[in-house]
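**Student:** First the structure, which I've put down as structure tokens, then a few questions once you've had a look.
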Amino acid sequence: MIGTVLCYVLLPAARLLQALRDAFFTCRKNVLLAKSPSTQIEGVFAAARGRSVPEEQEALLQQWLEEGVENFSAGESVPAVRKVSVTLTGDWLEGSELLMTSLSDLNTSPEVTWCADQQLSELNALASSELQDHAVAELARLPAEETVTVGGSAPWAAVVPQTDHQTAGCAGISVEVLNDDPAVLAWSLACDAEKMPPVLPAQPIQDAVPFYRVPTDVPYHEILWRDWEDLSVQPCVLGQVSKNTSLFEFRVMSYNILAQDLVEQGLDLYVHCHPDILNWNYRLPNLLQEIQHWDPDVLCLQEVQENHYWEQLEPTFKEMGFACFYKRRTGTKTDGCAVCYKHSRFQLISLSPIEYFRPGLDVLNRDNVGLVLLLQPVLPEGLGLKAVSPLCVANTHVLFNPRRGDIKLAQVALLLAEIDKVARTTEGSYYPVILCGDLNSVPDSPLYKFIRNGELSYQGMPAWKVSGQEDFSQQLYSRKLLAPLWPSSLGVTDKCQYVTLCQPKKLGRREYSRDFLLQFRFCDVACERPPQLVLLEGVTDAKPVAPAREHSAVTPVPKRHNSLSFLGKQCSGVIQHGLNLTSVYSHFLPQRGRPEVTTMPMGLGATVDYIFYSAEPVESRAGRRLYKDGALKLLGRLSLLSEDVLLMANGLPNPFCSSDHLCLLASFGLEISSL
């Protein structure tokens, strides 16, 4: 945003003190306008990009000019008016496009008047001090770049204005010098970048929600800057892609956008936020612009409010070229999950919505849901006889309750069973899988290790420990996980597969009808007692033989093939899956020496959002499976932030990030093969 302020200043030194006060106030106001990220600069001080100077500023300058002329005595000649051009350059806006947000839609805050009056009082006190009178009198005689102290305040640099670019915080001020008038020096004094004291943060209005602003000398986009990490240039990736192999590249975003109903039901979680930035009419444009900026090909959203989806999100996404699918949570919940994909990049093969709620099952009695899609990439024309593997995309939002890890584990097992069904090929292998979602579990928790390592022994584990969100070890009683975790009636095995799919029919096995078998009931073979047949009175004693009690006592009893036989290892408290999934993120920032975070509830950072993808296992070390890229290759990712950085930005949400979660973004490549 570049706004040009044309001001007129008076030459005589008699008016210099008034000029200094007014010029300082106007400059401070413009610097605040260019730098402040809060809603307090809106309304009276608001200036949009590309528009001229606000009318209030012009009126203030005109009043300043008129008062200066009226105060001259009759014997004094009216001084000549010279023009000084001052250009305010908001450098921070270059980065704000990355954050894709604007405060221009907010209503005028009543705090603006207070903030302006407070600054004016501060300047009046400064201008009225005796030391400042002396400094002003001597100002014109000071050499360029010499430092003076005004009224016990911070040192100021009195710089003779030049045509070079000066910086105030991150708002640049370019001064075009047309004369050497002392009032021009006053402007330079007020606008000096390095020595300007910080603007006092506005205090909250009585009975209003406190709003803790970021220091105005650092804009939000610099605090919340996220780098794009290009992983395609790493040797481990380059070595897996031959020169003759081309890739189908695409981007996947996972984003918990914070349903508005949940905001209003849990306002206690957002007392650090100004009420205006929690308004859906403010949050929606921010979220849409952020998604549009990163331009994903596949978009997985959580906490999508149903009425907002049908009335606003889906129509907008369709205009952006997405095909959209939505699943609302069961029961009375008003939000759910959505998966959108660019129809120019993918075609839908199958869609499987999942409801985790199962009546009568305590381990599956919550209303969470998921979506599993099988997509066929669309290759560009002109590639000839080329083919690329279908892609399975799953999205879910797992239960939050930290105490009910048993429910979380059962929900994830049900999701993996659905992925196993959708992604399984006719040969028994799997198509590449991408699993996105808010799993409400931290890295290296048992649930995270189960997804990544493919196995978990849960027998006797405290339920709170499954997700690792909170430590309830000091409680006298805690729920423990017992095997089997879910009943056989659910139809899911200990390997997270549906029972009907995990036992394929044996090739060559014949089936015989009852009538066919009855034809042999009187043959000699049918009337002979098998030597190992156990004697059961009323069952196998139709043709009595001397009972061999000693023999029958040691005769092994054949296994009974009932509905519980498929539970296998689950009876011993072990569950498995064979999807070979690893995380896009490492969950640690080596350059900062701190863990990554994706959300910040109550001021505490945590990672609960993930993008997992299919990879090839290499080896296992100390129970941790190592992977390398297979047919699906990770090419890049959008870096995450640490807790201390988000604290500098007043947590989440804030005026630039309109959700209490950060978005996750990754770039993948699928190998294109010849037919």
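**Student:** Leaving ligands, DNA and RNA out of it, rank 464, 225 by accessible area with a 1.4 Å probe, largest first.
**Tutor:** 225, 464
**Student:** On to the next question. If a/c stays under 1.5 just call it rounded; otherwise compare a/b with b/c (prolate if a/b is bigger, oblate if not). Do that for segment 316-386, with a ≥ b ≥ c from the square roots of the Cα gyration tensor eigenvalues.
**Tutor:** Oblate is the answer for segment 316-386, as a/c is 1.5 or above yet b/c matches or exceeds a/b.
**Student:** Give me the percent of accessible area attributable to carbon and sulfur for segment 236-374, probe 1.4 angstrom.
**Tutor:** Taking all protein chains in place, segment 236-374 shows 49 percent carbon and sulfur surface.
**Student:** Label points 7 Å out from Cα along the Cβ direction at residue 591 and residue 675: separation in nm?
**Tutor:** Placing both labels 7 Å along Cα→Cβ, they lie 4.6 nm apart.
**Student:** Can you give the accessible area of residue 354, probe radius 1.4 Å, in Å² rounded to 10?
**Tutor:** 10 Å²
**Student:** Once you place label points 7 Å from the Cα toward the Cβ at residue 648 and residue 289, how far apart are they in nm?
**Tutor:** Each label point lies 7 Å from its Cα, and together they span 2.2 nm.
**Student:** Computing the accessible area with a 1.4 Å probe over protein heavy atoms, can you report the carbon and sulfur percentage for segment 571-644? Don't jump to the answer; show the numbers that get you there.
**Tutor:** On the way: 1580 of 3020 Å².
Roughly 52 percent of what the probe reaches on segment 571-644 is carbon or sulfur.
**Student:** Another one. So, R0 is 25 Å and r is the distance between the beta-carbons of residue 361 and residue 477; what FRET efficiency does that work out to, to 0.05?
**Tutor:** Numbers: r = 22 Å, r/R0 = 0.89.
Between residue 361 and residue 477 the formula returns 0.65.
**Student:** Along segment 318-323, what does the Karplus equation 6.51 cos²θ - 1.76 cosθ + 1.60 (θ = phi - 60°) give for ³J(HN,Hα), rounded to whole Hz, x for Gly and Pro?
**Tutor:** Here the 3J(HN,Hα) series is 5, 5, 7, x, 9, 9 Hz.
**Student:** Here is a follow-up. Amide H of residue 598 versus every other amide H placed in the peptide plane: which residues, excluding those fewer than 5 positions away on the same chain, fall under 5 Å?
**Tutor:** Residues meeting the criterion, in which the H sits 1.01 Å from N, are 606, 607, 608, 609.
**Student:** Can you figure out the FRET efficiency of residue 376 with residue 624, using R₀ = 25 Å and their beta-carbon distance, to the nearest 0.05?
**Tutor:** 0.15
**Student:** Any chance you could look up the accessible area of residue 320 with a 1.4 Å probe, heavy atoms only, rounded to 10 Å²?
**Tutor:** Counting only protein heavy atoms, the figure is 50 Å².
**Student:** Related question: So what J values fall out for segment 640-650 if you push phi through Karplus, 6.51 cos²θ - 1.76 cosθ + 1.60 with θ = phi - 60°, rounded to Hz, Gly and Pro as x?
**Tutor:** So the Karplus estimates, Gly and Pro as x, are 9, 10, 9, 5, 5, 5, 5, 5, 4, 9, 6 Hz.
**Student:** How much accessible area per residue does segment 306-349 have, in Å², with a 1.4 Å probe?
**Tutor:** 49 Å²
**Student:** While we're looking at this one, here's another question. If you count only protein heavy atoms and use a 1.4 Å probe, how large is the accessible surface of residue 480, to the nearest 10 Å²?
**Tutor:** 110 Å²
**Student:** Pop out the ³J(HN,Hα) list for segment 469-474 in order, Karplus 6.51 cos²θ - 1.76 cosθ + 1.60 with θ = phi - 60°, rounded to Hz; leave Gly and Pro as x.
**Tutor:** Working through the residues one at a time gives 5, 9, 9, 10, 5, 7 Hz.
**Student:** Working out 0.36 nm times the residue gap between residue 616 and residue 533, then minus their Cα-Cα distance, what length gain in nm do you get to one decimal? Walk me through the numbers before you get to the answer.
**Tutor:** Working: separation 83, 0.36 × 83 = 29.88 nm, distance 4.87 nm.
Additional length available on full extension: 25.0 nm.
**Student:** A further question on this structure: Could you give the nm distance between label points at residue 229 and residue 425, where each point is 7 Å from its Cα heading toward the beta carbon?
**Tutor:** 3.0 nm
The values are calculated or read from the model by the stated rules, or taken from the named source; none is laboratory data. Computed from a prediction, not measured in an experiment: that's the story for all the values here. In this analysis, Cβ positions are derived from the backbone assuming ideal geometry, glycine residues included, and neighbour counts consider all displayed protein chains. With ligands, DNA and RNA removed, areas are computed over all heavy atoms of the protein, side chains included. Shrake-Rupley method; radii C 1.70, N 1.55, O 1.52, S 1.80 Å.
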